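Input: a single structure, listed below in structure tokens.
The values are calculated or read from the model by the stated rules, or taken from the named source; none is laboratory data. None of these values were measured; they are calculated from a predicted model. Reconstructed Cβ throughout: ideal geometry from the backbone, glycine too, with neighbour counts over all protein chains shown.
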Amino acid sequence: MEISEINLSKITNEELLSIYNRTKEYIDFLENEIKTNEVEKK
Amino acid sequence: MSSPIEILNEKIDTDKEILAVLPKNTKKNVEAYIKKVQEIKINYEKYLGSILGEIQERVNKINEIKVNPEIKEVEEDLEKFNNLDLLGIGNTSYEKMKLDELLFILRRFYKNNLEQVNNNILACIRRFAEVGVDLKPEDFNYSPFARRYMKTFFREYKKGDVNSQTMKDTFEKLYWECSDIIVHIELNIRYLYLKHEKAIDKHFANENKLILKDLETSDREYLEKYRTLKAKLDDLKGPDKKLILDKFLNKEMDPKDYEPIAIDKQFEKVLSQPIDTYVKTELNDIKENIVKLSKTLEEYQNYLKYKFVFNDLLKIYKEKDKYKNGYERQKKEIQKLESKLVKTNRKYEKTDRFKEMIFFKKNSDEKLKTLTIDINNQILSIKELYRKIDDDKVYDKIATMLTDNSTIYDALFLAGSFYTFLVESIIKEFPDIPEKEINENVAKIREFITSPYITIINNVTIKEDKDMALMIKDKYNLFNINITKADLEESSIGALINTVEQLVNAYNLENSGLDLEDVKFILKANKILEEINKNS
């Protein structure tokens, strides 16, 4: 199942906040990944 | 079926695997790797945007909750009572004009600053104008010093600043000539009140009639009407969804205190048996009685706090025969001395007019000195009588209005009408109390005696020695609420009040229809939204 299939308007408040936190956490990880590799590239 | 978080984790794991297999051994490969990471990141950022949109929408929906419009209506009805003296049964037009409060600052001028003193003189002049007496500089003829000060005062008042440099300089100059200058002005204002007392009384009688007509009530019923409205307002505000939500948002209430487990724990503190032994209807009755208990505790705590006022009043009541008609006697005595003072002041003015003529100069200077001393001495004697008349007025009322059948409430209500009596009682009980706290206490006492929740002290007469704590304990024990006399002691009642307050809040929350889950959500969501706004 794809994340786009999650109906955001149907999920509970708690589920909404937990997917917000998890998404945010993964974005932070990806950002860090970009920074680290930019340094390595040089 | 997978939960949203499981679906998201699966997707993240897949993306992690995609990244893990990408080579990073050359610069070109690293560049390709970064590009892929950026591509994935953009997708997640878009998704985060949708999540935030949904969060915002849910927050908006919760924020749409409005305060019950009936609350505003009742508040507006209560505002009409602002101009009505709720404590007016016992007091006189002097208290109604608030001259007792305003002049008390002047009486204790050494505890205040000159600006405060001038502001209060101005407030007195305005209070006189409001009751139809327009004071002029020539009304301040209590002494040559009061006259000189007030002449400048009125001039500066016209210019718009009673705390101007000219005013300060005038005070500085006059103070060294007569350090009792503020006492002279205070007594002059009191003299002016007595001079116009009848007209002022008439003004208040007419004004009261109009207000009572507007409120569609009578002088016997208005306090009851006020109390009924106050209670109605509390009943509306208590379970109001929006007001409860605001308490959570303002951190006055914490959601974790209202989780079922936390509330059961509080219940167990006041129930005689474990909570699960009660059936639903029994628990509902208990909850309603806890709301009543909260009002009883508030009343009893206030009584304990201000018992000293009642005790002071009781002492006077026990010697009441000494005080009957004391006020009228004292007033006549003051007026007699004041007519003498008027004559001395006239002599002073006359001598002062001739002073500039060389022929009279030496003689006049000497005469003025003698007259000044005479005026000061007369004023000091009158001052003592005025200090006494404040007490006599209250003592007289206590002697004539209270009987052995009067209740503690009747006594406190009467005391509450007299500012100076309250203040003296407060200062006697707390000698080091800061000035600001004196008035705060006066306001609290008055709020207490006009509260709609008086049920104990209006059932105990001033002569009875009833154990009120026992009465409260026994009454609520009958309704399955387990409180002890020790819980009601002054040192521990605060803890019981906190427990009961939390239970009342929980009861209101239950009746409000506000979902605790929504509250927890909005608190977390607001933090997220604030963080985003801060970073954008």
message: Considering only residues that are in a helix (DSSP H, G or I), surrounded by 13 or more Cβ atoms within 10 Å (Cβ to Cβ) and within 14 Å of chain A (Cβ to nearest Cβ), which ones fall in the range B:499-531?
response: B:516, B:518, B:519, B:520, B:521, B:522, B:523, B:524, B:525, B:526, B:528, B:529
task: Being more than 7 Å from chain B (Cβ to nearest Cβ), without any contact (Cβ under 8 Å) to a residue 40 or more places away in the chain and of a type in the set (D, E, K, R) narrows it down to one of A:5, A:15, A:38, A:33, so name that one.
output: A:5
- line: If you go through B:91, B:25, the only one that is of a type in the set (S, T, N, Q) and crowded, with 18+ Cβ neighbours inside 10 Å is B:91
query: Can you spot a residue in the range B:15-34 that is assigned to a loop (DSSP other than H, G, I, E, B) and among the charged types (D, E, K, R)?
result: yes
statement: Scanning the range B:152-192 residue by residue, those in contact (Cβ under 8 Å) with a residue 24 or more places away in the chain, farther than 18 Å from residue B:133 by Cα and of a type in the set (Val, Ile, Thr) turn out to be B:162, B:181, B:182, B:183
- line: Restricting attention to the range B:352-369, the residues that are at pLDDT below 75 and of a type in the set (A, V, I, L, M) number exactly 2
message: Anything in the range B:174-188 that is in a loop (DSSP other than H, G, I, E, B) and acidic (Asp, Glu)? List them, or say none.
response: B:180
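Going by the structure shown, is residue A:24 in contact with a helix residue (DSSP H, G or I) (Cβ under 7 Å, 6 or more places away or on another chain) and either assigned to a helix (DSSP H, G or I) or crowded, with 17+ Cβ neighbours inside 10 Å (or both)?
On the way: in contact with a helix residue (DSSP H, G or I) (Cβ under 7 Å, 6 or more places away or on another chain): yes; either assigned to a helix (DSSP H, G or I) or crowded, with 17+ Cβ neighbours inside 10 Å (or both): yes.
It is true that residue A:24 is in contact with a helix residue (DSSP H, G or I) (Cβ under 7 Å, 6 or more places away or on another chain) and either assigned to a helix (DSSP H, G or I) or crowded, with 17+ Cβ neighbours inside 10 Å (or both).
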- prompt: Across the range B:364-391, what is the number of residues that are under 27 Å from residue B:192 (Cβ atoms), surrounded by fewer than 19 Cβ atoms within 10 Å (Cβ to Cβ) and charged (D, E, K, R)?
  reply: 6
message: Just the residues that are among the polar types (S, T, N, Q) and either within 7 Å of chain A (Cβ to nearest Cβ) or under 57 Å from the mean Cα position of the chain (by Cα) (or both), please, taken from the range B:1-42.
response: B:2, B:3, B:9, B:38
task: Could you name every one of the helices (runs of 4 or more DSSP H) located completely within the range B:415-477 that has at least 3 residues being without any contact (Cβ under 8 Å) to a residue 12 or more places away in the chain, under 27 Å from residue B:232 (Cβ atoms) and not assigned by TED's automatic domain parsing to the domain that holds residue B:111?
output: B:435-449
task: Mind telling me which of the residues B:215, B:236, B:210, B:243 ends up being modelled with pLDDT under 95 and either crowded, with 17+ Cβ neighbours inside 10 Å or touching a Phe, Trp or Tyr at 6+ places or on another chain (Cβ under 8 Å) (or both)?
output: B:215
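From the residues in the range B:45-75 that are polar (S, T, N, Q) and away from chain A (no Cβ under 14 Å), which one is surrounded by the fewest Cβ atoms within 10 Å (Cβ to Cβ)?
My answer is B:63.
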statement: Of all helices (runs of 4 or more DSSP H) fully inside the range B:259-368, the set with 1 or more residues that are small (Gly, Ala, Ser) and under 39 Å from the mean Cα position of the chain (by Cα) is B:260-270, B:280-305, B:326-354
message: One residue is enough: does the range B:277-297 have a residue meeting the conditions among the charged types (D, E, K, R) and touching a Phe, Trp or Tyr at 6+ places or on another chain (Cβ under 6 Å)?
response: yes
